[in-house]
Amino acid sequence: MKKKQGIIVLILAVVFTALLIFTSAVGFGPTGTGAARNIILGLDLSGGVSITYQAKEDNPSAEDMSDTIYKLQQRVEGYSEEAQVYQEGNNRINIEIPGVSDANAILEELGKPGSLEFIDPEGNVVLDGTDVAEAEGGVAQDDTGNNQYVVSLQLTTEGTKKFAEATEKNLGQQISIVYDGEVISAPVVQSVISDGRAQITGMESIEEARNLASTIRIGSLSLELEEVRSNVVGAQLGTEAIHTSLIAGAIGLGLVMIFMIVVYSLPGVVAAWALLIYTALELVMLNAFDLTLTLPGIAGIVLSIGMAVDANVIIYARIREEIAAGKSVRNAIKSGFQKALSAILDGNITTLIAAAVLGMLGTGSVKGFAMTLALGIVLSMFTALVISRLIVNAFYAVGLQDEKLYGKAKVRKTIDFVGRRKVFFTLSIILVLLAPIGMAAYSATEGRALNYSLEFVGGTSTTVTFPEDMDVNLDSLDTEVKPVVEEVTGDANVQFQQVVGSNQVIIKTRTLDMTEREAFAQKMEESFDVPEDQISAETISSTVSKEMQRDAILAVTIATVCMLIYIWFRFKDIRFASSGVLALLHDVMVVLACYTFVRISVGNTFIACMLTILGYSINATIVIFDRIRENMHGVKTVEELKELVNASITQTLTRSIYTSLTTFITIAVLFVMGVSTVREFALPIMTGIVCGAYSSVCITGPLWFTMKKRSLIREK
């Protein structure tokens, strides 16, 4: 790159950075298009709409309620992947959708849940709502090439069989779609439909098609429902919690940038610059893709920031190694990026595969985490491999070519990690056993292996209408009301939601018995002059249903298998994949032990935390595996293999320490400055970061050596 080109690149980089910062901070136009303030926030950060339905049937079965909740959860995820659906009392269902403020519009779009039937000309019901898997309104072309408005139906397996028989018997006749006793469509059967896919034509507009599809979707529920109430609710976390978290994030990012500059000199400046671009891009893209940001979503961002730093550390450590090997600065930069490429791609693609599986198969917060993480991974690779490369080459082109500006790797004495493997393995076995032992002990003494929160086990939702002269907001609720609630319930995991435009507050706690509910009401009257008739309580189910838990477990299992297959394919050795996955399980068990003994609430952030550890740990492991693969030439004896593994771990040790430290710093600042909810989220991630660094350095390499050694011995 010539000097003139270098100057142009640097100017463009400055303009690009300024444009991104302006966009994320201010935005364009009267609404501030692109600004970070327009990012859709979850219920915990900004509030949304709360709708309560009641089953028309007096005593619906638990199976029908569960099925209806699960189907509604899938419906409302169209508004936000962070939407929540849970049971209230025996026959009510609550829907909470973040980032929206018009309850009437949601009710109109969602449709009125009622009975849906497909009836043939003789009046026989050939299908009901439960036979419909999906319905979408859209535009299609007819045989002449003209657009027509249609509703596309996908039937269940059972519905496919029924509809094949019905369409065969009623060719050329109408099958009426009846909703709550009213015919909403009567399409003519034009052919036998045996694949479970059908189209309803004849709509006059796309709106009519979408409304019909919405009605069919909501009519496929197991129960007929009627609306009881709808409210706009405020955030679950106060402005102080959000404000301190933002400040903590900015401080953490600043400390990481300073650290990179101090450690890596000129390349550190480039890394800090690239990290700033990454952060601004992340904010702009969250806005552009309408992703909902919640506390668990922040975990995905933190992880991707760690991976963005990691990529830069790998590159600049490589450049220093190349300079130490005698190459010129120019050739060292070129070679450093080339040699770092495989480790960066393998680590990021492995995590991206996991994110894709979690996004496709997961629901709720799992899907939200996956989408945020996937976006972060793509952006981190772009900034590290494209932006950083352009800027560092531009600096070199304008004359910053002195070797001292880039540094030279020091020759380090090889550490015998493999020789200490028995100590490491013994320590890890003890750490892994802590979780099941602790869970068994707590289960025997307290009846609960883990401190499950409302999201997992449900609880009591108490609606309190405070006096009009009381200033009710989340900050005052945190400082004044929460201590009173904790005194009565002994529960630190209390959630508040204020109904916008009123002094009505929904307080969610663990399940309270009648005595505790009476004590709660008495305390509200004594402390805040709230009469008993202004307090009502209902038992609520978990927001993470059994079906959602099943989906999460299935998604994580498949994601882990996919990561294993990818590592096996890329490294052409199943031992790399198996040792990497065993290290992942090790890290998960250690974090689980943290939840067990510290009694941190196990809720939505628990799922995000575990997924964060999986992504973070596998990325660190792959860097070491990549170096082992690179160094493995002509190894024939066990001693040579041992030396190779020790050398590879030692060569990447600085990277492992620096990456873990920078990510730890980001989370530690959140832990120190955040409110209790944020600290409960940060502590297990900090534990996972430390454990992930330990397992990557001390477990994966020696474990792979132990497996590989046996094959060398057999070959002899």
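The values are calculated or read from the model by the stated rules, or taken from the named source; none is laboratory data. Bear in mind that the values here come from a model prediction, so they are computed numbers and not experimental data. Quick note on the areas: whole protein, heavy atoms, side chains included, nothing else; ligands and nucleic acids left out. Shrake-Rupley method; radii C 1.70, N 1.55, O 1.52, S 1.80 Å.
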Return a whole-number percent for the relative contact order of the chain, with Cα pairs under 8 Å and 6 or more residues apart as the contact set.
16
Against the longest principal axis of the chain, how steep is helix 206-218, in degrees 0 to 90 to the nearest 10, with axes from Cα atoms?
80
Stick to Cα atoms and the Kirkwood definition of Rh, then tell me Rg/Rh for segment 438-497.
1.10
With the full set of protein chains in place, find how many percent of the accessible area of segment 338-416 is carbon and sulfur; take the probe as 1.4 Å.
64
Estimated Rh, segment 580-716: Kirkwood, alpha-carbon pairs, angstrom:
16.1
Quick one, can you get me the convex hull of the C-alpha atoms of segment 41-156 expressed as volume per residue in Å³?
154
To the nearest 10 square angstrom, what accessible area does Phe22 show with a 1.4 Å probe?
90
Starting from the eigenvalues of the Cα gyration tensor, five times each then square-rooted, give me the equivalent ellipsoid semi-axes of segment 298-409, largest first, whole Å.
34, 12, 10
Hydrodynamic radius (Kirkwood) for segment 1-107, which is based on Cα pairs only, to one decimal in Å
17.4
Projected area averaged over orientations for segment 606-683, convex hull of C-alpha atoms, nm²
6.2
So what is the relative contact order of segment 575-647, in percent, for Cα pairs below 8 Å that sit 6 or more residues apart?
32
Can you list, bin by bin at 5 Å, the percent of alpha carbon pairs in segment 148-281, starting at 0?
2, 8, 11, 12, 10, 6, 4, 4, 6, 7, 8, 9, 7, 4, 2, 0
Probe 1.4 Å, all chains present, heavy atoms only: Ile119 accessible area in Å², nearest 10, is 40
For helix 295-324, what angle does its Cα long axis make with the longest principal axis of the chain, in degrees from 0 to 90 and rounded to 10?
20
Keeping every protein chain in place, order Trp273, Trp568 by accessible area at 1.4 Å, biggest value first, i.e. largest first.
Trp568, Trp273
Enter the angle in degrees (range 0 to 90, nearest 10) between the Cα long axis of helix 638-651 and the first principal axis of the Cα atoms of the chain, meaning the one along which they spread out most.
70
The Cα extents of segment 541-595 along the principal axes, largest first and rounded to whole Å, are 47, 24, 9
Where the eigenvalues come from the Cα gyration tensor of segment 5-68, what are the semi-axes √(5λ) of the equivalent ellipsoid, largest first, in whole Å?
51, 15, 8
I need the fraction of alpha carbon pairs in the chain separated by more than 47 Å, rounded to a whole percent.
29
Computed over segment 474-513, Cα set: Rg, Dmax in Å
10.3, 31
Accessible area per residue for the chain in Å², computed with a 1.4 Å probe and the full protein assembly in place, what is it?
43
Given only helices, namely DSSP H runs of n ≥ 4 each adding -39500 (n - 2.57), what is the per-residue ellipticity at 222 nm of the chain, to the nearest 500 deg cm²/dmol?
-20000 deg cm²/dmol
Mean shadow area of segment 422-558, taken as a quarter of the surface of its Cα convex hull (nm²):
12.2
Computed over segment 521-635, the relative contact order (Cα-Cα under 8 Å, seq sep at least six) in percent reads 17
Just check segment 515-635 against the gyration tensor rule for me: Cα atoms, a ≥ b ≥ c as the square roots of the eigenvalues, rounded for a/c under 1.5, and otherwise prolate or oblate depending on whether a/b exceeds b/c.
prolate
Leaving out ligands, DNA and RNA but keeping every protein chain, what accessible area does Val357 have, in Å² rounded to the nearest 10, with a 1.4 Å probe?
10
